[in-house]
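Chemist: Dropping a structure here in structure tokens format, bear with me for questions.
The values are calculated or read from the model by the stated rules, or taken from the named source; none is laboratory data. Predicted model, so just to flag it, every value in this text is computed and none were measured. Note that we place each Cβ from the backbone using ideal geometry, even for glycine, and neighbour counts take in every protein chain shown. The protein model used for the area step is the full one, side chains on, heavy atoms only, and it has no ligands, DNA or RNA in it. Shrake-Rupley method; radii C 1.70, N 1.55, O 1.52, S 1.80 Å.
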Amino acid sequence: MTTTPEWIMIGGDGPESYSQHSSYQRALLEAAKDKMTEAILTNLSLDLISNRFSVADFGCARGPNTFVAVQNIIDAVEEKYRRETGQNPADSIEFQVLFNDYTLNDFNTLFKTLPPGRRYYSAGVPGSFFDRVLPKESFHIGVMSHAFHFTSKIPKGIMDRDSPLYNKDMQCTGFNQAVKKAYLDQYSIDIKKLLDARAEELVPGGLMLLLGSGLRDGVKKSETRNGIVVDFIGESLSDLAKQGVTEQEKVDTFRTSNYFAEQGEIRQIIEENGKFTIEAFEDIIHPKNEFPLDPKILVISVKAFYGAFIAVHFGTKVMRKAFELVEIKAREHISRLENAKPGMQYLIVLRKN
Ligand SMILES: C[S@@+](CC[C@H](N)C(=O)[O-])C[C@H]1O[C@@H](n2cnc3c(N)ncnc32)[C@H](O)[C@@H]1O
């Protein structure tokens, strides 16, 4: 079984909470609504829409974006039913939503903030999505929003000072070929496990919708806006170590269990696993143009990705100071950010074979 990590998205509604920093992810979900609807209208068989329909969100956090993701899906299923049967879905379909995340996730806040007037029953599903977390054939459509870039652990060697893989540069500028390979190998193992588990839990013909950030083929993360900002985070943490606000040792041992894969790598992993067919692999045009250029908004967006990791390793005070410095660096190097290569925001539609 995958172990529960120390980090977890920051719960509640406070200034550092995930809910205050996740508008970037939410914007992707809103931008993807039409494509999600189209994917469901095209790929979901009407036979699967019976009196009980289950949707599962893997890596839901404490909300609120998960509510947008599952509502997009429910709206599309209802639309399909209405169009193809001429009947009102409210008369015959009951929806169930299964919210999955690590056991330590703030499920209390999630359940307290469930949207009023929702047309679904809710249940929490604790546990790592790299393992089985649900009974066989228990849901019809699964979604993962900004959770498909996680690995279950830091690859071997990366944390070991004597290893050629030891990576002092926070997996970005110093992300050389060997380090990249170590992350990709770990990612490939993890994603194949994840697909095996979902293939058992999904009903035959069921769909998985994957939304997130990745890389176009041949583009290095360090060349993208996201990567440049990760370098700013690394530099800011080192600055704080020099000022004695934190220790250099802590900076050197800081890693995130993320791998932003290239499009071709994702395709290859899914095809090698063989449990799903890729029905669509769409570029989503993000309304904020990947990462916004306003340094203040950019910092808020990046906090949603990295804030939890930094807070647990360095403490909240250091995290706040680091992001203040990141904002200054973003202002100073705005032309580097302007000239960065584009990353990729995707919607991948998988159908269980
Ligand atoms: C960046 S947040 C995305 C949250 C939400 N889906 C959204 O779009 O805003 C990623 C979530 O994935 C969860 N996560 C990461 N690895 C996981 C795993 N192995 N099992 C379950 N949840 C995981 C994290 O705890 C976190 O809540």
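Chemist: In deg cm²/dmol and to the nearest 500, what is the mean residue ellipticity at 222 nm of the chain if only DSSP H runs of at least 4 residues count, each as -39500 (n - 2.57), divided by the residue total?
Modeler: -13500 deg cm²/dmol
Chemist: Okay, next question. Could you work out the relative contact order of the chain, using alpha carbon pairs under 8 angstrom and six or more residues apart, expressed as a whole percent?
Modeler: It rounds to 22 percent for the chain.
Chemist: Next question, about the same structure. Would you grab the residues whose amide H sits under 5 Å from the one on E279? Only those 5+ places off in sequence or on another chain, please, with H modelled 1.01 Å from N.
Modeler: Amide H neighbours of E279: V349, L350, R351.
Chemist: Still on this model: How large is the accessible surface of Y81 in square angstrom, using a 1.4 angstrom probe and rounding to the nearest 10?
Modeler: We get 20 Å² for Y81.
Chemist: From the backbone phi of segment 51-59, what are the Karplus-calculated ³J(HN,Hα) couplings (6.51 cos²θ - 1.76 cosθ + 1.60, θ = phi - 60°) in whole Hz, Gly and Pro given as x?
Modeler: Working through the residues one at a time gives 6, 10, 10, 10, 10, 10, 10, 9, x Hz.
Chemist: Can you list the GluC sites (Glu not before Pro) in segment 172-259 that are in a DSSP coil and have 13 or fewer other beta carbons within 10 angstrom?
Modeler: E247
Chemist: Run the 1.4 Å probe and let me know the accessible area of L98, rounded to the nearest 10 Å².
Modeler: Here the residue's solvent-accessible area equals roughly 10 Å².
Chemist: So with the 1.4 Å probe, I'd like the accessible area per residue for the chain, rounded to whole Å².
Modeler: 42
Chemist: Could you give the dipole magnitude of segment 18-352 about its Cα centre, charging the beta-carbon of Lys and Arg +1 and that of Asp and Glu -1, in debye to the nearest 20? All intermediate terms of the calculation are to be shown ahead of the outcome.
Modeler: Values: 43 positive and 44 negative charges, 114 e Å.
The calculated dipole for segment 18-352 is roughly 540 debye.
Chemist: How long are the semi-axes of the equivalent ellipsoid of the chain, taking √(5λ) for every eigenvalue λ of the Cα gyration tensor, in whole Å from largest down?
Modeler: 35, 21, 19
Chemist: Please build a GNM for the chain, connecting alpha carbons under 10 Å apart, and tell me which residue among P164, P155, P115 fluctuates the most.
Modeler: It is P164.
Chemist: Separate question: Would you be so kind as to identify which of I49, A31, T256 lies farthest towards the positive end of the dipole of segment 18-352, taking Lys and Arg as +1 and Asp and Glu as -1 on Cβ and the Cα centre as origin?
Modeler: The one lying farthest along the dipole's positive direction is T256.
Chemist: When DSSP beta bridges are limited to those with both residues in the chain, what percentage is antiparallel, rounded to the nearest 5?
Modeler: Bridges in the chain are about 40 percent antiparallel.
Chemist: Along the charge dipole of segment 219-353, pointing to its positive end and built from +1/-1 on Cβ of Lys, Arg, Asp and Glu, which listed residue (S222, G343, T316) has its Cα farthest out?
Modeler: In segment 219-353, that residue is T316.
Chemist: Which one of L46, L207, L165 has the biggest mean-square fluctuation once the chain is modelled by GNM with Cα springs under 10 Å?
Modeler: L46
Chemist: Sticking with this one: Mind telling me which of F260, F58, F95 comes out most flexible in a GNM of the chain, alpha-carbon contacts under 10 Å?
Modeler: F95
Chemist: Can you pull out the GluC sites (Glu not before Pro) in segment 78-117 whose DSSP state is coil and whose Cβ has at most 12 other Cβ atoms within 10 Å?
Modeler: Within segment 78-117, no GluC sites (Glu not before Pro) qualify (loop, at most 12 other Cβ atoms within 10 Å).
Chemist: Between E282 and S163, 0.36 nm times their residue separation minus their Cα-Cα distance comes to what?
Modeler: 39.0 nm
Chemist: Which entries in K112/K220; K112/K180; K220/K296; K250/K296; K275/K303 show an alpha-carbon gap greater than 29 Å?
Modeler: Correct reply: K112/K220; K112/K180; K275/K303.
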